[in-house]
Amino acid sequence: TLATQTDYRDGEAQTDPYSPEYIVRSGSVPEILTLATLTWGRGLPAGQAEMEIIDRIRERRAWEAALPPMDSPANVAKRLKMMEAMERKEWACREEEIDKLQKARMAVFKKLLQRREENQNKQDAVRLKNQWQNHQKAKEQKMRKIQHDCALMLRKLIAKRKNWMGKLERRDIIKEYNDYSSQTYAPLSRVGFFPDDNSNYYVVKNFYLNTFAGLCELEESVQHSISHIKNKISIPKWTITTTGYIRKSGRLEAVLAQVHQELLEKKKKLKEPKKPPPVWEKVESPVPKPPTLILEKPSIEEEEIDLAVICLQQLLRGRALQNMMFEGKEKRVDLIQELRTTHALQEEGQLLLEAEKQMTLSLQRQQDSQMHQLSALERDLATVEGRALGNMLDFLSKELVRLQEEQKIHALLLLAERQRRMREAEEAGRRQLEEDRREEEDELFRQAREGDCWGCSSLTIDTYLEDIILSSMERTAEKQAREEIQKRAIEINDIAYEMESRRTRLQSEEIVAELVYNFLIPEAEKSFMRERGKES
């Protein structure tokens with residue numbers, strides 16, 4: 001009364017179909033029981049190959065039913081001919097199956113080879129593409145470097161060309177302050193200016209801004225109305241949407257209204273007439289501007305003298321700085337020595353840290369080597385265990401096959417022993433009858449020979465009787481041999497049919513593999529050797 005809902009399809013959860021138990025009537029062999037060896041995935045659901053096998057089994061049974069009985073020599077000969085024809089037909093079918101299997105395997109080999117060639121071609125194309133890209137990148141980098149070097153050399157040449165005479169130029173302060181890319185605004189580090197060294201100098205430091213007490217004091221000194229400002233923004237109602245967003249048209253209208261108001265105020269200021277100054281107000285005259293300075297261009301000799309003086313000033317200043325540095329060094333020799341000892345201690349600590357680092361690295365390498373040795377040992381042990389297990393399982397499987405074959409051979413030996421005993425009993429009975437008949441014939445022959453009618457023809461009669469006896473013995477032996485061969489063929493056929501009905505798919509594949517290994521591979525090797533011989 002309950003139902004379940006699963007997340008899987010019936011095809012994913014399908015196992016071997018349910019086969020109900022059955023009872024077979026005595027004396028009847030249903031045809032459906034011949035398919036009992038087929039299971040799901042091994043013959044079921046039946047395909048084209050299984051249907052062909054079923055049709056051949058049906059033909060075989062019909063042929064066995066149509067075999068003539070072994071009651072006369074003609075029927076025996078006819079039966080032998082039919083058996084030979086059926087055997088040739090079965091061998092032809094088997095050869096056809098082997099050819100089909102060989103063609104299928106050759107097709108699979110061709111597909112694998114084609115796929116391998118395609119993959120190899122793809123890998124070659126990718127490798128060539130990567131190599132071409134690497135060459136292109138190297139080429140582009142080389143071209144960029146050449147262009148950069150060319151631009152650098154051109155800038156150097158242009159700078160040298162500006163002052164190719166090597167004259168000393170006077171500093172033009174006005175030009176430097178007008179050019180924002182000059183050394184005044186952006187000095188170079190190689191000249192000796194490092195802007196980051198004194199960056200803390202420009203940081204604003206204020207007691208009221210950097211400390212909490214200063215902020216509290218600043219807040220207490222400010223009026224309450226200043227810290228709580230309320231501004232009412234007039235927003236036109238028609239420019240606001242339901243979500244509170246102001247449209248662009250409303251913003252433009254507000255800006256235009258503000259501009260219009262400012263223009264009106266300017267116009268009002270311009271239209272207002274200027275009031276004349278009162279009489280009692282004194283009008284002050286404007287202060288006269290100082291005269292413009294005119295710089296006279298100095299002569300070349302004066303410029304050279306100025307440049308020499310500037311160079312001398314620079315040398316004197318540099319020497320003075322050196323003296324100051326030397327004096328400071330002499331004054332603070334003790335501090336320098338202390339700093340050097342501290343640095344030496346730091347170097348010892350660094351050496352200790354380096355030694356600990358080297359020790360840690362050595363321990364890590366040792367641990368890695370031990371782990372590698374353990375992994376190699378485990379791999380070797382796993383290999384030995386796998387080989388031992390494989391050999392043991394191979395031995396057990398071969399031993400199982402050997403035991404099964406031994407049981408089959410033992411069963412055949414028991415059957416052969418039973419038939420031999422039965423034939424010996426029958427032969428003993430026949431031999432006893434022959435001996436009794438021979439005694440009777442000898443007695444008759446002896447009595448007939450004693451008469452006078454035989455006379456001189458006794459030798460001819462003996463020869464005639466020997467020929468009759470030999471021919472009868474040959475016919476009897478041939479007949480018995482034929483019967484025995486036919487019985488043995490029937491028993492072997494029954495055993496073969498039983499083994500074929502019990503044979504699994506794996507055994508069939510092993511038989512096919514042995515046939516392919518014994519027939520197909522040697523033939524392929526022979527053809528390959530013949531082709532190589534032709535090519536050579």
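Structural remarks
- Contact map, the range 33-61: first residue under 17 Å from residue 506 (Cα atoms), second residue open to solvent by less than 60 Å² (accessible area, probe 1.4 Å) and assigned to a helix (DSSP H, G or I), Cβ cut-off under 7 Å, separation 6 or more or different chains; pairs are 37/501; 43/50.
- Residue that is most open to solvent (accessible area, probe 1.4 Å) [pool: residues in the range 364-415 that are of a type in the set (Val, Ile, Thr) and more than 30 Å from residue 498 (Cα to Cα)]: 384
- Lone qualifier among 489, 448 - being assigned by the TED database to the domain that holds residue 405, open to solvent by less than 100 Å² (accessible area, probe 1.4 Å) and either in a helix (DSSP H, G or I) or modelled with pLDDT of 85 or more (or both): 448
Condition check ((1) exposed (fewer than 10 other Cβ atoms within 10 Å of the Cβ); (2) more than 30 Å from residue 523 (Cα to Cα); (3) β-branched (Val, Ile, Thr)) across all residues:
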| position | (1), (2), (3) |
| --- | --- |
| 105 | no, no, no |
| 108 | no, no, yes |
| 114 | no, no, no |
| 118 | no, no, no |
| 129 | no, yes, no |
| 144 | no, yes, no |
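- Subset of the range 59-89 [within 57 Å of the chain's Cα centre (by Cα) and surrounded by 12 or more Cβ atoms within 10 Å (Cβ to Cβ)]: 59, 60, 61, 63, 86, 89
- Residues located in the range 89-100, provided they are closer than 19 Å to residue 54 by Cα and either at pLDDT 95 or above or not small (Gly, Ala, Ser) (or both): 89, 90, 91, 93, 94, 95, 96, 97, 98, 100
- Checked against the criterion of being at pLDDT below 80 and either over 30 Å from residue 517 (Cβ atoms) or not β-branched (Val, Ile, Thr) (or both), the candidates 29, 76 yield just one match: 29.
The values are calculated or read from the model by the stated rules, or taken from the named source; none is laboratory data. Just so it is clear, the structure is predicted and the values come from calculations on it, not from any experiment. So basically every Cβ, Gly included, is an ideal-geometry build from the backbone, and we count neighbours across all protein chains shown. SASA here: full protein model, heavy atoms, side chains in, ligands and nucleic acids out. Shrake-Rupley method; radii C 1.70, N 1.55, O 1.52, S 1.80 Å.
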